[in-house]
Amino acid sequence: RLVVVMRFVPHAFFAVLAAGALFVCVEVCIGVFGMVGRPFVGVSMVEEGLVNPVGLASWGGTVAGFDRWDRIVAVDGELVFSKDDILDRALARPVGADVVYQVEGRSGDARFVELPMRTFAASDVLRSHASLALLGLVFVVIATLLYFLRPGTAEAWAFFLLFASIGTAMSSVVDLTLLWTMPRLYPALAPFLGTFGVILVGVIVRGYTKHDGARLLEGGPEAGEPGFTER
């Protein structure tokens, strides 16, 4: 019974990880499509109110006069201190109304940027980084299906860890906007992506390594093998 339980534990652990990754990606995708038709500020920011360069050109922020990493200090003359403040002040204006943002650039220059309130359209999903949510979900689904080809093996875990991490990280990037608030997954996963990639490369290389070479490294050279003596 203990042997059966020990064989089941890795699969149960995989099921938990796969379900969590799929849940995150599906929830982000639902949030993206739920934004269609709703008022939208048209610029993405991080928590401190700094303008994120991601999506600036897609949503008209660059044309309006925003630069990457501008800090928004006031909305229509009202001081703001966080991303939530900016969101509350801007969304209080009706769709089509011009919202005036007072910003400070990276060099310390102060200026005003005028950007109208708009609705989030279906085309915004495709032409902006919001499409990463869909692509991230595809990555996680592929990672889950690859595991079932050889469940429990090193190859299955290597493919799953890399592809699922990439997928959830891509969905987390979408969360770096004014759309909604979710736990920040990208900073937690990003340091491991390189490690998972190295593991995957190692597993693939091992799979294509000749068995004779593996036996040779284990100390069993064959007779006549060049470069090695019996000793």
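The values are calculated or read from the model by the stated rules, or taken from the named source; none is laboratory data. It should be emphasised that the depicted structure is a prediction, and the values quoted were computed from it without experimental measurement. Because the Cβ atoms are built from the backbone with ideal geometry, glycine has one as well, and the counts that use them run over all protein chains shown. Heads up: the accessible areas ignore ligands, DNA and RNA and are worked out on the full protein's heavy atoms, side chains in. Shrake-Rupley method; radii C 1.70, N 1.55, O 1.52, S 1.80 Å.
Observations on the structure shown:
- Every test in (1) under 24 Å from Thr119 (Cα atoms); (2) outside any helix (DSSP H, G or I); (3) of a type outside the set (Lys, Arg); (4) touching a residue at least 12 places away in the same chain (Cβ under 8 Å) is passed by Glu27 save one, and that test is (2).
- Tallying residues that are outside any helix (DSSP H, G or I), closer than 20 Å to Val100 by Cβ and more than 17 Å from the chain's Cα centre (by Cα) within segment 30-63 yields 11.
- Enumeration of residues in segment 120-149 that are of a type in the set (Ser, Thr, Tyr) and surrounded by 14 or more Cβ atoms within 10 Å (Cβ to Cβ): Ser128, Ser131, Thr144, Tyr147
- Positions within segment 64-79 being outside any loop (DSSP other than H, G, I, E, B), in contact with an Asp or Glu (Cβ under 9 Å, 6 or more places away or on another chain) and open to solvent by less than 50 Å² (accessible area, probe 1.4 Å), in sequence order: Ala64, Ile72, Val73, Val75
- Hey, Gly49 in contact with a strand residue (DSSP E or B) (Cβ under 9 Å, 6 or more places away or on another chain) and modelled with pLDDT under 85 or not: yes
- Single unsatisfied condition, Lys83 versus (1) at pLDDT below 85; (2) open to solvent by 10 Å² or more (accessible area, probe 1.4 Å); (3) of a type in the set (Lys, Arg): (2)
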